[in-house]
Amino acid sequence: MPSDTLTITDNRTGKTYEVPISDGTIRATDLRQIKVGADDFGLMPYDPGYMNTASCRSRITYIDGDQGILEYRGYPIDQLAEQSTFIEVAYLLLYGELPNRSQLEEWTNKITWHTILHENVKKFIDGFRYDAHPMSMFVSTVAALSAFYPEAKTITDKDNRHKQIRRLVAKAPTLAAFAYRHLLGRPYVYPDNDLSYTGNFLNMLFRRVAEPRYRPNPVLERALDILFILHADHEQNCSTSTMRMVGSSHADPYSALAAAASALYGPLHGGANEAVLTMLKEIGSKDRIPEFIKKVKAGEGRLMGFGHRVYKNYDPRAKIIKRTADQVFESVGKNPLIDIAVELERIALEDEYFVKRKLYPNVDFYSGIIYQAMGFPTEMFTVLFAIPRTIGWLAQWEELVNDNEQKIGRPRQIYLGARERDYVPMVRREG
Ligand code: CMC
């Protein structure tokens, strides 16, 4: 008779246990009853990198890595990229449903209201060296916002939480743009709330000092909006898990989000888009690709922008980005690195090393090429990932706060170090 349980026989003791299976998982704590003796702590799963551990129940983002499917709240990513806007997708991620016209208008107005930064944040950014990485500036200023909005600590109040969420979604582009202007040594440009979310962002980045009114290039404005939709959430990745981990201690959302953005900064995560550009520049020309691939296969570095923990098929976001690249190139001219990237992809996808390991282009493979064509320096690429991911992190944080099953994150370890040694005084440690 089939039943939703798992029977485990512990061959150390000969005892048999039955643990329930629900939603295709067993509870790790159900293994604790499996012991060899009364003072045994009990069996634990060992899972470095959380390769096979579900840490939460979520209703936000669905990924089928084998089939290359990505859905936000059930809506396929290609439909959202084609027909929606980032600001609408942000609402969808947070509230679970697409907004009607008046809900969207209210949401847009409320976000727009919060785009401005406290004047002292400018002083904070001014304090960075002229060559500070914009991601370092972004992470630190997001963390600093916690000091500007101390009421954010009251995470049990829903209205208060949502106000901080709107603030963060609104201020992320302003912080990013100010960090960029600092890098160039140009005066900061204040938000223009008559423009769209991405139109205003382009205004704050690129408006010239004497320019009376900035009019964004509609092709770039829409391309950036699509890129923002594609980057908005990606379930329990490294940065989102960091957001949830820090949030689980009931830290305020600015502190938790600064930690999440720090996780994103790493080259194996959101820093990969910057690393792809560096890699393509180093390769330099199509005829040097085979030599580069040989080095990767010999373990001398990775093909950046390839491979994914979850996708064992073409990343659906990479496909959409490749299409968007063509539209951007038509408007602002082709980035010559695209030819190297396309050839690199062709060679890699035919190579047994990559085929065997199911390594396909991920979201970062083509995004940097577009960003560069749009006029962004490579240092800004990860910041361009962090802006739209802000709503993903916050929607996940909101879900965590409302989940009664969640507790402070606190994994276990297998201790292999020394035990019970007597302290050795300094005089006896010489030689
Ligand atoms: N180039 C060459 N070999 C690779 C690559 C790559 N990009 N990615 C994985 N491999 C190999 C790896 O060496 C290993 O081979 P072997 O079995 O012989 O030891 C095998 O494939 C499995 O790799 P893994 O490191 O165990 O896989 P993972 O799931 O732990 O890592 C990853 C996933 C994304 C960190 C990895 O694929 C990687 O480093 N890719 C390059 C960096 C990158 O593009 N990151 C962006 C990820 S997408 C954006 C985001 O969500 O952050």
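The values are calculated or read from the model by the stated rules, or taken from the named source; none is laboratory data. Since this is a predicted model, take the numbers as computed values, not measurements. Please note: Cβ atoms are built from the backbone with ideal geometry, for glycine as well, and neighbour counts cover all protein chains shown. Just the protein is used for accessible areas: all its heavy atoms, side chains included, with ligands, DNA and RNA removed. Shrake-Rupley method; radii C 1.70, N 1.55, O 1.52, S 1.80 Å.
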Starting from the amide H of LYS15, placed 1.01 Å from N in the peptide plane, find each other amide H under 5 Å away whose residue is 5 or more places distant or on another chain.
ASP10
Descending accessible area (1.4 Å probe), largest on the left, turns VAL427, VAL276 into VAL427, VAL276
Simple label model, 7 Å out from Cα along Cβ direction - ALA28 to ARG428, nm:
3.9 nm
Is there a quick way to get the dipole size of region 59-411? I mean about its Cα centre, with the Cβ of Lys and Arg at +1 and of Asp and Glu at -1; what is the value in debye to the nearest 20?
620 debye
Separation in nanometres of the label points that stand 7 Å from Cα toward Cβ, at GLN83 and ARG346:
3.5 nm
On the accessible surface of the chain, probed at 1.4 Å with all protein chains in place, carbon and sulfur together account for a percent value of 51 percent
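If I stretch the segment between LYS294 and ASP159 completely, what's the gain in nm (0.36 nm per residue apart, minus their alpha carbon distance), one decimal?
Stretched out fully, the LYS294 to ASP159 stretch lengthens by 43.1 nm.
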To the nearest 10 degrees, how steeply does helix 134-148 sit against the main Cα axis of the chain, on a 0 to 90 scale?
80 degrees
Report, ordered by chain and residue number, the aspartates and glutamates lying within cross-link reach of LYS358, taken as a straight Cα distance under 20 Å and ignoring same-chain residues fewer than 8 apart.
ASP64, ASP66, GLU300, ASP315, GLU343, GLU345, GLU350
Return the long-range amide H neighbours of PHE306 (sequence gap of 5 or more, or a different chain), with a cut-off of under 5 Å between placed amide H atoms.
ASN362
Are there any GluC sites (Glu not before Pro) in region 281-315 that are in a DSSP loop and have at most 15 other Cβ atoms within 10 Å? List them by number.
GLU300
For the peptides 408-416, 125-133, what is the packing order when you average, over each peptide's residues, the other Cβ atoms within 10 Å and list the highest mean first?
125-133, 408-416
Starting at the first residue of region 50-55, write each ³J(HN,Hα) from the Karplus equation 6.51 cos²θ - 1.76 cosθ + 1.60 with θ = phi - 60°, in whole Hz, x for Gly and Pro.
6, 5, 9, 10, 8, 9
Considering amide H positions built from the backbone, and no H for Pro or chain starts, which residues 5 or more places from ILE21, or on another chain, come under 5 Å of its amide H?
THR5, LEU6
Quick check: residue separation of THR16 and TYR75 times 0.36 nm, minus the Cα distance between them. What number comes out in nm?
16.9 nm
Which three lengths, in whole Å and largest first, does the chain cover when its Cα atoms are put on their principal axes?
79, 70, 57
What accessible area per residue comes out for the chain, rounded to a whole number of Å², with a 1.4 Å probe?
52 Å²
For LYS294, the lysines lying under 16 Å Cα to Cα, once residues fewer than eight places off in the same chain are dropped, come out as LYS286, LYS356
Nearest-ten-degree value, helix 363-373 long axis tilted from longest Cα axis of the chain
20 degrees
From the Cα centre of region 172-237 to that of region 81-160, the distance in Å is 13 Å
Under 16 Å between alpha carbons, and skipping anything fewer than 8 positions from LYS153 in its own chain: which aspartates and glutamates qualify?
ASP252, GLU398
Region 75-140: GluC sites (Glu not before Pro) falling in loop per DSSP and having at most 12 other Cβ within 10 Å:
GLU97
If you keep only loop residues by DSSP, which trypsin sites (Lys or Arg not before Pro) in region 36-100 have at most 10 other Cβ atoms within 10 Å of their Cβ?
ARG59
Top positive-direction residue, dipole computed over the chain with Cβ charges, set GLN103, TYR415, ILE289:
TYR415
Rounded to whole Hz and in sequence order, give me ³J(HN,Hα) for region 162-175 from the Karplus expression 6.51 cos²θ - 1.76 cosθ + 1.60, θ = phi - 60°, writing x for Gly and Pro.
5, 5, 5, 4, 4, 4, 5, 4, 6, 8, 4, x, 5, 4
Using θ = phi - 60° and Karplus 6.51 cos²θ - 1.76 cosθ + 1.60, couplings along region 112-125 (whole Hz; Gly, Pro as x)
4, 4, 9, 5, 6, 10, 4, 4, 5, 5, 4, 5, 4, 5
Considering Cα pairs under 8 angstrom that are at least six residues apart, work out the relative contact order of the chain and quote it in whole percent.
19 percent
Using only Cα atoms and rounding to the nearest 10 degrees, what angle (0 to 90) does helix 86-95 make with the longest principal axis of the chain?
30 degrees
